[in-house]
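The values are calculated or read from the model by the stated rules, or taken from the named source; none is laboratory data. Just so it is clear, the model here is predicted, and its values are computed rather than measured. Here the Cβ positions follow ideal geometry from the backbone for every residue, glycine too, while neighbour counts run over all protein chains shown.
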Amino acid sequence: MGKTLVIAEKPSVGKDYAKALGGSFKNQSDYLESDDFVVSWAVGHLVELAEPEDYDPKYRLWSLNRLPIIPEQFELKAIEGKSAKQLDVLRKLFKRRDVDEIVNGCDAGREGELIFDYIYGYLGSQKPLQRLWVSSMTKDAIREGFQHLREGK
């Protein structure tokens, strides 16, 4: 059996997950790894919706006559800057052969769901997805959440 990749919304939450899961986690700078888990994080939004001009250069100049702009399929793009480094880390972790499943450990609110969904969609992962649902960040609550993961769909 391979490893489970857990994605938290921010580094501090990822570290809390690792502490609650126990075992010997090694710090790999942008993620933590044990025999069974790889825990990493987004650092806020890493992926966003493409801008209108990304679909067609004519949309670079704003015009009321061109509204509404509704593409047939909404595209995602990486956010440039510091977040690009962490997205690259996640890309490599998602592709690892020893990672069998991915756990969405981002906040359960709309923004946390959006952060994870955009990353998962942008990276094009087909690996099984589970959802961690915790209402408290105590070690016991986190452990309980990992014992009762929900289907990620």
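List of remarks:
- Among the residues making up segment 33-61, those that are loosely packed, with under 11 Cβ neighbours inside 10 Å and part of a loop (DSSP other than H, G, I, E, B) are Asp35, Leu61.
- When segment 67-123 is filtered for residues that are buried (at least 18 other Cβ atoms within 10 Å of the Cβ) and among the hydroxyl-bearing types (Ser, Thr, Tyr), the ones remaining, listed by number, are Tyr118, Tyr120, Tyr122.
- Cβ-Cβ distances below 6 Å connect the following pairs, each with a first residue in segment 14-32 that is touching a residue at least 24 places away in the same chain (Cβ under 8 Å), a second residue that is of a type in the set (Ser, Thr, Tyr) and part of a strand (DSSP E or B), and a separation of six or more residues or different chains: Tyr31/Ser40.
- If the condition is being outside any helix (DSSP H, G or I), in contact (Cβ under 8 Å) with a residue 40 or more places away in the chain and of a type in the set (Gly, Ala, Ser), then segment 105-147 contributes only Gly105.
- Within segment 93-103, at least one residue is of a type outside the set (A, V, I, L, M, F, W, C), closer than 24 Å to His148 by Cβ and within 16 Å of the chain's Cα centre (by Cα).
- Reported count of residues in segment 132-149, each being touching a helix residue (DSSP H, G or I) at 6+ places or on another chain (Cβ under 9 Å), surrounded by 17 or more Cβ atoms within 10 Å (Cβ to Cβ) and modelled with pLDDT of 95 or more, is 4.
- Residue in segment 62-71 that is in contact with a Lys or Arg (Cβ under 9 Å, 6 or more places away or on another chain) and modelled with pLDDT under 95 present: yes
- Selection within segment 9-32: residues that are in a loop (DSSP other than H, G, I, E, B), farther than 18 Å from Val99 by Cα and out of contact with any strand residue (DSSP E or B) (no Cβ under 6 Å at 6 or more places or on another chain). The member of this set that is modelled with the lowest pLDDT is Ser29.
- Check on Gly152, at pLDDT below 95 and closer than 25 Å to Ala20 by Cα: yes
- Scope segment 89-106; condition in contact with a strand residue (DSSP E or B) (Cβ under 9 Å, 6 or more places away or on another chain) and either of a type in the set (Asp, Glu) or closer than 14 Å to Ala42 by Cβ (or both); matching residues: Val89, Leu90, Leu93, Phe94, Asp98, Asp100, Glu101, Ile102, Val103, Asn104, Gly105, Cys106
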